[in-house]
Structure formats: C-alpha cells, structure tokens
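Peer 1: After the structure tokens below, expect a handful of questions from me.
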Amino acid sequence: MKTRDRLRIAVQKSGRLSEASQSLLQQCGLDFRQSRDKLFCFGETHPVDLLLVRDDDIPGLIADGVCDLGFVGLNVLEEQQLEQIAQAGSSRLHSLRRLGYGGCRLSIALPQEEVFAGPESLRGRRIATSYPRLLARYLSDQRVTAEIVVLSGSVEIAPRLGSADVICDLVSSGATLVANQLKEAVAILQSEAVLAAATTVFLDARQPMLELLLRRLDGVLAVRETRLLLLRSARSQLAQVQAALPTAALTTVLGIDDQADSVALQVLVSGGFGWADLEAIQHAGATQLVVLPVARMLA
Ligand code: PRP
Ligand code: ZN
C-alpha cells in the first residue's frame, strides 16, 4: 500500500453535492486554500487535501487509491460497486456514513401518455440510463428482460430522439422529467450523499486524521437535527407543559428571580422538531417559545 501523510478526499467539483460537502468539512473545523485552477484544495488547518472532480469519477479514484475518501451519491457508489463486482468478483468500496443531504432517487420514467402497469410494462422495451448495473439488478429482481441503452448524459431526451422508449435516471425535484414530458413510474433506489472509502486502516499519518474526521463528522451529524428550545411556563401549568414536550427531550427547569410563580425551561430536542410540535407545547400553556439551532455538543 502506498504511504502518504495527508488524507486525500474526492469531492464533486460542481453540482448537487459540492457545496454541502465542502460546508460539512468546514463544520468539522477543516479549512482549505483552493489552487488557482480550482481542482485542488490544500488543507491549511489539518493534513487533509481535497481533489475536486466529476462525481462519476469518485469511486474509481478511491478504488485506485488516488483518494482515500470521497463524498459521493449512493447511486454513483452502488453502480461502481456492482461494476467492480462484475469485472473483478468483488469490490472494496463501501459507504462509511450516510450524510443526510443530496437526497434523490433513481427512477424509471416513461412518456406521459403511456400507462405503467408494473415492471411487466418494461418487458422487451429499450431503457436508456447511465446506471446500467443498477437497472440490470432491478430488472433481474423483477424477472423482466429489457434492452438497456447506456448513455453517459442527457438521458431524458432519449425517448424523444427515438433511441429508447423509457428512461432510468436520477430524479430530485422532478423538474427535468416534467420539462421532457416524462412521468416517474417507479423508484428503484433511494439515494443521498455518503462518505465512501475502500479501506479505513492506514499504517501512516492518515489514520489519526481519519479518526479525528470521523469523530467530528459524527458530532456534526448528531447535532444537525438537534434544537434548543427555550420557553416559560406558570408553575401551575408546568406538568402539562412538560407532558407536551418530545419524549426523549433533555429538560432543565430554572427559577426566575422576580417571578416566583413562573419557571423557565431549557429543552434539548433531537430530530425533526417542527411547527406543530411547537404549537402543541404553546397550547399546553408555554409562553415566550424560542427555538435555536445547536452548533456543537460535547457530552
Ligand atoms: C440528474 C438527472 C437529471 C436531474 C434531475 O443529473 O440526470 O438531469 O439530475 O433532477 P430534477 O428532478 O431536480 O430535475 P445530475 O444533476 O445529478 O447530474 P449528473 O447525473 O450528470 O451528475
Ligand atoms: Zn455525474
């Protein structure tokens, strides 16, 4: 194995995942200086550098050891894993963490006027895609035979050009499908950004750096959904208000100097806390409700 004393991470240069990936690294306390050609970012605070590349190249760069880690869509990663398994019998590529952004799905879509009556409707048809391995896996799971037309881009125009009947492509907002008079029939993979690697064992200075990065990443991911809720309640209504709080919340009740019959509450809430939850707590008697994002947490 090649040795190196700086960790090298592949990140999408421009597109769906690039901004969120770089800001995640920033939240982990890593700062970078970008090269003039904008293809390389030198880590100024830590021995970690970024290579800015096309997303489809990321799994290959990791598999070849050019990069140690990569921020990439699960769709791209799984396609390459299947490709390597088909070519070499196995793949060392795997996902270390799901990152919770860049959500999209790989879906079969067909012209709006057509009827989709289940996977059977695909039998014998020409399906255009940039994800031939994932599509082949789906078709074989469904015991349907169809012709896979591999395209590297502009898959959505294939039916209009007559080079395919149906497509299998990424859908996020759905705007691309609408613009091309296509409709989504079935999602074959739910995707999001993941941190990918081929190995997590290094015999050089990359090891402590990888461990530090994963520790901080876990910290950032853990607080991402965490909120600090501040509110007030009359002592007489405290039990009611507390009953309305999310079950796993960590609550501190504080006295207020000049108001003997009121208390202030600090509530740490993790995961999906929305308007309806807040309104329920207000309805139970809470006043002066404030919801704050949590930047860092050390237990
Ligand atoms: C995907 C896909 C569509 C578009 C769908 O491409 O190929 O063109 O996104 O998104 P929408 O449902 O929000 O319109 P992507 O931007 O990921 O580029 P790439 O596949 O060429 O990397
Ligand atoms: Zn791409």
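The values are calculated or read from the model by the stated rules, or taken from the named source; none is laboratory data. These numbers come from a predicted model, not from an experiment. Quick reminder, even Gly has a Cβ in these numbers, built from the backbone with ideal geometry, and neighbours come from all protein chains shown.
Peer 1: Test each condition in (1) more than 16 Å from ligand 2 (Cβ to nearest atom); (2) of a type in the set (S, T, Y); (3) over 30 Å from L221 (Cα atoms); (4) surrounded by 12 or more Cβ atoms within 10 Å (Cβ to Cβ) for S154 and report the one that comes out false.
Peer 2: It is condition (1) that S154 fails.
Peer 1: Would you mind telling me which numbered condition in (1) within 30 Å of L69 (Cα to Cα); (2) outside any loop (DSSP other than H, G, I, E, B) D204 fails?
Peer 2: (2)
Peer 1: Of all residues being within 13 Å of ligand 1 (Cβ to nearest atom), outside any helix (DSSP H, G or I) and not charged (D, E, K, R) in region 53-87, which is surrounded by the fewest Cβ atoms within 10 Å (Cβ to Cβ)? Just the residue, please.
Peer 2: Filtering region 53-87 for residues that are within 13 Å of ligand 1 (Cβ to nearest atom), outside any helix (DSSP H, G or I) and not charged (D, E, K, R), the one surrounded by the fewest Cβ atoms within 10 Å (Cβ to Cβ) comes out as V53.
Peer 1: Every residue in region 14-46 that is surrounded by fewer than 16 Cβ atoms within 10 Å (Cβ to Cβ) and in a loop (DSSP other than H, G, I, E, B), please.
Peer 2: Listed by number, the residues that qualify are S14, G15, G29, D31, S35, R36, D37, K38, L39, E44, T45.
Peer 1: Then there is this: Suppose we filter region 48-67 for residues that are away from ligand 2 (no atom under 13 Å from the Cβ) and either within 17 Å of Q81 (Cβ to Cβ) or touching an Asp or Glu at 6+ places or on another chain (Cβ under 6 Å) (or both); how many remain? Even if it seems obvious, please write down each step before you answer.
Peer 2: So in region 48-67, the residues away from ligand 2 (no atom under 13 Å from the Cβ) come out as 48-52, 61-67.
After this cut, where a residue has to be either within 17 Å of Q81 (Cβ to Cβ) or touching an Asp or Glu at 6+ places or on another chain (Cβ under 6 Å) (or both) as well, the list is 61-65, 67.
The qualifying residues number 6.
Peer 1: May I ask you to list the residues in region 175-186 that are surrounded by 14 or more Cβ atoms within 10 Å (Cβ to Cβ) and touching a strand residue (DSSP E or B) at 6+ places or on another chain (Cβ under 7 Å)?
Peer 2: Pass one, region 175-186, residues surrounded by 14 or more Cβ atoms within 10 Å (Cβ to Cβ): 176-177, 180, 182-186.
Of everything in region 175-186, those that are surrounded by 14 or more Cβ atoms within 10 Å (Cβ to Cβ) and touching a strand residue (DSSP E or B) at 6+ places or on another chain (Cβ under 7 Å) turn out to be L177, L182, K183, E184, A185, V186.
Residue-by-condition table, conditions (1) in a strand (DSSP E or B); (2) of a type outside the set (G, A, S); (3) surrounded by 13 or more Cβ atoms within 10 Å (Cβ to Cβ):
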position	(1), (2), (3)
L210	no, yes, yes
L213	no, yes, yes
L231	yes, yes, yes
T252	yes, yes, no
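Peer 1: Regarding A193, is this residue over 30 Å from P111 (Cβ atoms), surrounded by 14 or more Cβ atoms within 10 Å (Cβ to Cβ), modelled with pLDDT of 95 or more and within 16 Å of ligand 1 (Cβ to nearest atom)?
Peer 2: Values: over 30 Å from P111 (Cβ atoms): yes; surrounded by 14 or more Cβ atoms within 10 Å (Cβ to Cβ): yes; modelled with pLDDT of 95 or more: yes; within 16 Å of ligand 1 (Cβ to nearest atom): yes.
So A193 passes the test.
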